[in-house]
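A.B. asks: Please see the structure below; I have some questions.
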Amino acid sequence: MFKNCMSALLMITALALSGPAAAQLSPGEAMNMTGLQRSLVQRMTKNYLMIGADVRVDTASRQLEESVTQFDNAYQALNEYAPTPESKAKLAEIGQTWTTFRQQVTAQPDQAQAAAMLANSERLLKESQELTDMMANHVGAMGGVVNRSGWARVQSQRIAMLYMAKAWQVQAPDLDAKLDTAVADFDSILKELEANPAPNEQVATSLRRVRANWAFTLKGIDLHATSAFVPTSITVSTDSLFRHMNELTRLYAGLQG
């Protein structure tokens, strides 16, 4: 499925992210990169499930390949940047989990193995969140805003991932509760960001786009309560939501410098 000739340029082009060298990373850029790793974990898991469920397989395969490359490249950059011994140790822990998860998520999707893959996905998300919190503390006040916006970015892909697990009937615990929590988290953070005065017009415009996209996404999510799954619609709308949240988080990170 995967080609070995993928260039590091993917980190620059995929999802409109730039990939500065570790030595050139600003605190805001490092914070954004660390937070994005959480989203990529959810995105890769979602793509695995999409391929298994035969939903937009070409798109899912491309996204999965890109996301694996992004995660690898960012992990190397963050290892070089790590500002504290604690963050360096956490990156070592993440590296061990990533090795196992990478093998699972790039394997041929298997419904019987999906629950084990999901469990490692949750572990990698937890470890990535702990690293992000460390980075936020290192950055200072603005790091908290980037962290919160970035967590909503995570939820844009987590919602799609959990929805796909349910649609494919993966036998994993608490999928309904986790999906409800992800929806509530995104909605709460969006309201929180909207409640604060936008620092500039770019942020204000980005927030309006997120709000409009979120309203559309919610309509599809609501259908799952009646077992009327619409996985194609959900994956399209949450991909758009992810792009908007990625841009918004990048803008907040840019304020940090």
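Every number in this text was worked out from the coordinates using simple rules, so none of it is lab data. Predicted model, so just to flag it, every value in this text is computed and none were measured. All Cβ positions, glycine included, derive from the backbone under ideal geometry; neighbour counts span all protein chains shown.
A.B. asks: Please report, in debye to the nearest 20, how large the charge dipole of the stretch 22-175 is about its Cα centre when each Lys and Arg carries +1 at its beta carbon and each Asp and Glu carries -1 there.
C.D. replies: 320 debye
A.B. asks: Here is a further query. Which value results when the Cα radius of gyration for the stretch 127-188 is divided by 2.2 N^0.38 Å?
C.D. replies: The value comes to 1.31.
A.B. asks: Mind checking the dipole of the chain: about its Cα centre, +1 per Lys or Arg Cβ, -1 per Asp or Glu Cβ, Debye to the nearest 20?
C.D. replies: About 320 debye.
A.B. asks: Q103 to Q76: FRET efficiency via 1/(1 + (r/R0)^6), r the Cβ-Cβ distance, R0 25 Å, to the nearest 0.05?
C.D. replies: For R0 = 25 Å, the calculated efficiency reads 0.85.
A.B. asks: Considering only Cα-Cα distances, which of the following residue pairs are longer than 26 Å: K126/K191; K46/K126; K88/K166?
C.D. replies: Too far apart for the 26 Å limit: K88/K166.
A.B. asks: Can you tell which of S121, S26, S188 shows the greatest fluctuation in a Gaussian network model of the chain with Cα springs below 10 Å?
C.D. replies: Sorting by GNM fluctuation, first place goes to S188.
A.B. asks: With unit charges on the beta carbons (Lys and Arg positive, Asp and Glu negative) and the dipole taken about the Cα centre of the chain, which residue among Q108, S237, I94 sits farthest to the positive side?
C.D. replies: Result: S237.
A.B. asks: Take A92 and D180, extend 7 Å from each Cα along the Cα→Cβ direction, and tell me the distance between the two endpoints in nm.
C.D. replies: For the pair A92/D180, the computed spacing is 4.1 nm.
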